[in-house]
Amino acid sequence: MKSHTLYIITDSNRQFLNVDITSDFNRAMNEIKSSCNIFFPNGPHLTRVVYMEKFDCQEHAEKRQFELNHFTRMQKEKLIRKQNANWNNLCPTNMDTSKKNRLFILHKQPI
């Protein structure tokens with residue numbers, strides 16, 4: 001049985017929040033990473049997964065997605081802060097390629 005992942009992804013400024021579901025999380029993240037600039041080069045670069053839920057049934061994941069899509073921004077932010085107070089990137093692969101983030105990662109490694 002496939003598990004389905006619901007996630008909320010945002011840009012580095014937390015201006016945009018996008019709710020989506022996938023059955024293959026790694027593939028979805030690779031697609032997002034590779035298509036960030038193709039369609040809207042000046043648009044938002046959604047690179048940070050800030051919220052995730054896993055479901056065994058696609059119907060339940062779709063119901064939850066429908067519910068979250070009707071949340072206000074304040075409700076989504078409250079939900080994210082419950083699980084991820086600092087809005088850290090929960091994605092297992094580093095999608096954010098900004099210099100600032102790379103320097104931060106370098107400083108976190110033990111010297």
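The values are calculated or read from the model by the stated rules, or taken from the named source; none is laboratory data. Because the structure is a prediction, the values reported are computed rather than measured. A quick note on method: Cβ atoms are made from the backbone with ideal geometry, for glycine too, and the neighbour counts reach across all protein chains shown. Surface areas here come from the heavy atoms of the whole protein model, side chains and all, with no ligands, DNA or RNA. Shrake-Rupley method; radii C 1.70, N 1.55, O 1.52, S 1.80 Å.
At a 1.4 Å probe radius, which order do ARG27, ARG64 fall into by accessible area, largest first?
Per-residue accessible area, sorted high to low, gives ARG27, ARG64.
Ranked from the most accessible area to the least, with a 1.4 Å probe and all protein chains present, what is the order of HIS60, HIS45, HIS4, HIS70?
Ranked from most to least accessible, the order is HIS70, HIS60, HIS45, HIS4.
Between TRP87 and MET52, what is the label-point separation in nm under the 7 Å Cα-to-beta-carbon projection?
Label-label distance for MET52 and TRP87, simple model: 2.0 nm.
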